[in-house]
Amino acid sequence: MTDWTIDRAVTELLDREASRRDGGRITEQWPALDLATAYEVQDALLRRKVDSGETVVGVKLGLTSKAKQDRMGIDSPLTAWLTDAMVLPAGVPVPAEELIHPRVEPEIVFVLGERLAGPGVTAATALSAVRSVYAGFEVIDSRYTDFSFALPDVVADNASSSRFVLGGKSVSPGDLDLALEACLLRVGGTVVASATGAAVQGHPAEALALAANALGKRGIALEPGWIVLTGGLTDAVFVEPGQEVSAEFTTLGAVTVTGG
């Protein structure tokens, strides 16, 4: 069978996820998979997950740094979906037995208090809709071999979504300077990277505004209570079995994950 469709792409990606099997780029077999079609695949994949009992709890952003956007030939972050099945409770190891090749990256995480609908959302408007801010980790796990993909591939794969964990400290957005909020990333106690909130579009609220406007073009609004992962502050690191990875923030506190 050589004919690809949205439904076939969804089935292939879900099969890879369920069987912990990575594979080649879909774009190599389906050259017509462009960015718009990839978002249709992503939305159809979400519908399958919802039909199987999962609940949408928010969205995530990917490729939020200018350098990564330039590398992939885009001018705004990617958006993808979060469901309740992706929540990793604090203290629970990363479930390596359920994943292919997990990596983790520290993030500034928003929880919305108000509905946010584009177009026309500014950073100030976006930030005013935020109820609370957390430190967090996203666990990413591409269904492509060696995390090798073209832009439509990763969009179709829900931007390598897998799991996420929030820190235990909730902070009002008015109580910190998000652009200057610093993060130290440690692997096994050794600092391997550092960054500030400015790494995410210059300010995490700018990323949130861009996401709201991009989703608005598709007729989608961000809802109260939704969680928004604003994008990796540093490059992602592999998490080895039994190894502790921690991120210590200036105001948001610390968040830790351990390899399973």
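Couple of notes before you dig in:
- The number of residues in segment 22-55 that are hydrophobic (A, V, I, L, M, F, W, C) and in contact with a helix residue (DSSP H, G or I) (Cβ under 6 Å, 6 or more places away or on another chain) comes to 7.
- The number of residues in segment 150-165 that are in a loop (DSSP other than H, G, I, E, B) and farther than 13 Å from I100 by Cβ comes to 1.
- Segment 78-94 - residue that is touching a Gly at 6+ places or on another chain (Cβ under 7 Å) and modelled with pLDDT of 95 or more and, of those, surrounded by the most Cβ atoms within 10 Å (Cβ to Cβ): V94
- The criterion of being surrounded by fewer than 15 Cβ atoms within 10 Å (Cβ to Cβ), under 22 Å from F147 (Cβ atoms) and among the basic types (K, R) holds for R21.
- Filtered residues of segment 226-251 (kept if within 17 Å of the chain's Cα centre (by Cα) and not hydrophobic (A, V, I, L, M, F, W, C)): T230, G231, G232, T234, D235
- Where strands (runs of 3 or more DSSP E) fall entirely within segment 182-260, those with at least 3 residues that are among the aliphatic types (A, V, I, L, M) and at pLDDT 95 or above are at 182-187, 190-196, 227-232, 253-258.
- Any hit, segment 83-96, residues being in contact with a helix residue (DSSP H, G or I) (Cβ under 8 Å, 6 or more places away or on another chain), touching a residue at least 60 places away in the same chain (Cβ under 8 Å) and not small (G, A, S): no
- Test for G168: is it assigned to a helix (DSSP H, G or I) and farther than 30 Å from T27 by Cα: no
- Selection within segment 101-116 - among the aliphatic types (A, V, I, L, M) and under 14 Å from G225 (Cα atoms): V109, V111, L112, L116
- The condition (being free of Cβ contacts under 8 Å to residues at least 60 places away in the same chain, in contact with a strand residue (DSSP E or B) (Cβ under 6 Å, 6 or more places away or on another chain) and β-branched (V, I, T)) is satisfied by just one residue among V192, V255: V192.
- Leading residue by the ranking (nearest to L229 (Cα to Cα)) among those in segment 142-195 that are surrounded by 18 or more Cβ atoms within 10 Å (Cβ to Cβ) and polar (S, T, N, Q): S161
The values are calculated or read from the model by the stated rules, or taken from the named source; none is laboratory data. This structure is a prediction, so every number in the text was calculated from the model and none was measured. Counting neighbours? That spans all protein chains shown, and the Cβs are built from the backbone with ideal geometry, glycine included.
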